[in-house]
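Student: Quick one: structure below, then a few questions.
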Amino acid sequence: MEIRTARPDDLPLLPPIERASGEPFRDIGMPEIADDDPMPLDALRRLHVWVAADPHPVAWAAVRELDGAAHVEQISVHPDHARRGIGAALLDHVGHWAAARGLTALTLTTFRDVPWNAPYYRRLGFDEVAEPSPGLAAVVAAEAARGLDPAGRVCLRRPTP
């Protein structure tokens, strides 16, 4: 599995991966998450995006700099390739990229109680952020404006290597 920077011709392949990775939410009573629109291509073009390819993308991560950290806007692994360490490898890759840029941490927001969300990231070394930075607080506010209950969300942080 190769992890590399996404090429322009990779970008149209990423929304179907995101859509497929959202399907398990349907099984736990969160169909609105499964039915949520994937990240638009114009948004992807403004972010740092990496893919895990074999040889075509099967997973991806999109990141932006936020308050001195690399904020993971989205990470998606196609269910056919889940539970193989691909998401963890993408996060490690992003962590090394962030460290090389002088960023101090990876941050993300996720569902507090969904097993493949916060509990998974905690196993990968992320800790809950007690007091979100201004940028992270703005991310949470934007999520709330889109209908995500802040009580069910959590901000997580992992230092860069």
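The values are calculated or read from the model by the stated rules, or taken from the named source; none is laboratory data. Just so you know, these numbers come straight off a predicted model, no measurement behind them. Note that each Cβ is placed from the backbone with ideal geometry, even for glycine, and that neighbours are counted across all protein chains shown.
Student: Return the pairs, sorted by first residue and then second, in which the second residue is loosely packed, with under 15 Cβ neighbours inside 10 Å, the first residue lies in the range 128-146 and is part of a helix (DSSP H, G or I), the beta carbons are less than 7 Å apart, and the residues are 6+ apart or on different chains.
Tutor: 140/150; 144/150
Student: Looking at residue 32 and the list (1) within 20 Å of residue 124 (Cβ to Cβ); (2) more than 15 Å from the chain's Cα centre (by Cα); (3) modelled with pLDDT under 95; (4) of a type outside the set (S, T, N, Q), which single condition is not satisfied?
Tutor: (1)
Student: Next question. Filtering the range 11-29 down to residues that are surrounded by 12 or more Cβ atoms within 10 Å (Cβ to Cβ), among the charged types (D, E, K, R) and more than 13 Å from the chain's Cα centre (by Cα), which residue is nearest to residue 152 (Cα to Cα)?
Tutor: 26
Student: At least 2 residues that are closer than 19 Å to residue 142 by Cβ in each: list the helices (runs of 4 or more DSSP H) lying fully within the range 1-118 that qualify.
Tutor: Result: 14-22, 31-34, 41-45.
Student: Any residue in the range 75-96 that's within 14 Å of residue 51 (Cβ to Cβ): show its pairings with residues that are assigned to a helix (DSSP H, G or I) and of a type outside the set (A, V, I, L, M, F, W, C) at Cβ separation under 7 Å, as long as the two are six or more apart or on different chains.
Tutor: Qualifying pairs under 7 Å: 75/87; 76/18; 76/21; 77/21; 77/87; 78/21.
Student: Residue 5 versus (1) among the β-branched types (Val, Ile, Thr); (2) modelled with pLDDT of 95 or more; (3) buried (at least 16 other Cβ atoms within 10 Å of the Cβ): which is the lone unmet condition?
Tutor: Tallying (1) among the β-branched types (Val, Ile, Thr); (2) modelled with pLDDT of 95 or more; (3) buried (at least 16 other Cβ atoms within 10 Å of the Cβ), residue 5 fails exactly one: (3).
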